[in-house]
Amino acid sequence: ADTAALEGKRFLVSAGGTREPIDPVRYIGNRSSGKQGVAVAAAAAALGAKVVLLAANVDEAVLAEVAENPAVRVVPVGSAAELQSAALAASSGADVVIMAAAVSDYRVADVAEEKIRKEDSAGEPPTLTLVENPDILAELVHMRRPGQLLVGFAAETAASTDELLERGRRKLRRKGVDLLAVNAVGWNEGFESAENTLHILDRSGEVVANVSGTKQNTADALLHAVAAAL
Ligand code: C5P
C-alpha cells in the first residue's frame, strides 16, 4: 500500500503496560515494555503523521526513540483509568487510533491509603479484591467518528498459529476494530524483547500480513496495513 496516505494524518497510539495500584508503593502490572507501540509512533511520524503517544509506564530509554521528535507528543499515564481519560480526551482529534498498550483487565477494588504491613495482618496473607476495568478500545469503537480507523493488538499465548489466529478472529469480532495485530507472547517472546511476530487481520478476519522481525519492521508492516485500510 502507498504510505503517502498517512502524511498529515493524526494518530493516537498507546504503548506500554498499565499499573494498577495496591497501596502507595505496590502495583499489579505486566511485562509490556512499550517498544512495539513506540516503534509504531516513530514509524507513523517518519511517514508524516502527527502522533499523540499515550505511554503507560514506558522507560525513558525506550521513549528516547521519539523524545526529540516534534511530530510526537508523549503523554505519560500510569493506571488503566489514567489511560482511559487520556485516550477519551485525545480520540476525537485522531484519524487513526492504535491501541498497542497492554491494559490490565482488572484493578484493585480498594486501594490502601497506607502501605500494607505484614505485621498488621495477624499472620493471614491479605486478600486483594479485583474489579473489572473498562475496555477502552471498545469504548473508542463505540464513539468512533466517521472515517476514523481503529486498530487493536491481541497479545495471546497459544499452542499453535492456528489457535492464535482463531483467538485473534474472535477478538476482532468482539471488539469491532478495523485491524487487529495478533502477537504471540509468552515467557520468552513478544513482551520485552526487541523482536516480534505480528499476524495482521483485517475487518473480515483475513490475514493481510505476517511479519517477523524487529519491532521497527513489524511497525512498518502495520502502517502499510493502516494505509491500505484508510
Ligand atoms: O481483550 P484484550 O485485552 O486482549 O484486548 C487487547 C486490545 O484491547 C489491545 O488493543 C488493548 O490495548 C485494548 N484494551 C483496552 N482496554 C482494556 C483492555 C484492552 O483498550 N481494558
| So how many residues does segment 78-101 have that are within 12 Å of the ligand (Cβ to nearest atom) and more than 14 Å from residue 11 (Cα to Cα)? | 6
| Which residues, taken from segment 141-163, are within 12 Å of the ligand (Cβ to nearest atom) and surrounded by 15 or more Cβ atoms within 10 Å (Cβ to Cβ)? | 141, 150, 151, 152, 153, 154, 155, 156
| Identify, please: which residue in segment 118-140 is in contact (Cβ under 8 Å) with a residue 12 or more places away in the chain and farther than 30 Å from residue 10 by Cβ and is, among those, least open to solvent (accessible area, probe 1.4 Å)? | 131
| residue 157 vs. criteria among the β-branched types (Val, Ile, Thr), modelled with pLDDT under 95 and in contact with a Leu (Cβ under 9 Å, 6 or more places away or on another chain) | yes
| field | Top-ranked residue of segment 57-77 - restricted to ones that are within 16 Å of the ligand (Cβ to nearest atom) and of a type in the set (Val, Ile, Thr), ranked as most open to solvent (accessible area, probe 1.4 Å) | value | 75
| query | In segment 198-230, how many are under 18 Å from residue 172 (Cβ atoms) and part of a strand (DSSP E or B)? | reply | 10
| Out of curiosity, is residue 113 assigned to a loop (DSSP other than H, G, I, E, B) and not aliphatic (A, V, I, L, M)? | yes
| Which one is most open to solvent (accessible area, probe 1.4 Å), of the residues in segment 164-181 that are under 21 Å from residue 16 (Cα atoms), in contact with a helix residue (DSSP H, G or I) (Cβ under 9 Å, 6 or more places away or on another chain) and near the ligand (Cβ under 10 Å from one of its atoms)? | 175
| request: Working only within segment 83-106, note down all residues that are surrounded by fewer than 22 Cβ atoms within 10 Å (Cβ to Cβ), touching a residue at least 12 places away in the same chain (Cβ under 8 Å) and not in a loop (DSSP other than H, G, I, E, B). | output: 84, 86, 88, 90, 91, 106
| query | Does residue 221 satisfy being more than 11 Å from the ligand (Cβ to nearest atom), touching an Asp or Glu at 6+ places or on another chain (Cβ under 6 Å), closer than 24 Å to residue 8 by Cα and of a type in the set (A, V, I, L, M)? | reply | no
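Scan segment 63-76 and give yes if some residue there is assigned to a helix (DSSP H, G or I), over 22 Å from residue 189 (Cβ atoms) and of a type in the set (Val, Ile, Thr), otherwise no.
First, pick out the residues of segment 63-76 that are assigned to a helix (DSSP H, G or I): 63-67.
Restricting the remaining residues to those that are over 22 Å from residue 189 (Cβ atoms) gives 63-64, 66-67.
Those left that are additionally of a type in the set (Val, Ile, Thr): 66.
Taking every residue of segment 63-76 in turn, at least one turns out to be assigned to a helix (DSSP H, G or I), over 22 Å from residue 189 (Cβ atoms) and of a type in the set (Val, Ile, Thr).
The values are calculated or read from the model by the stated rules, or taken from the named source; none is laboratory data. Not measured: the values here are computed from a predicted model. All Cβ positions, even for glycine, are placed from backbone atoms using ideal geometry, and neighbour counts span all protein chains on display. We work out accessible area using only protein heavy atoms, side chains counted, and drop any ligands, DNA or RNA first. Shrake-Rupley method; radii C 1.70, N 1.55, O 1.52, S 1.80 Å.
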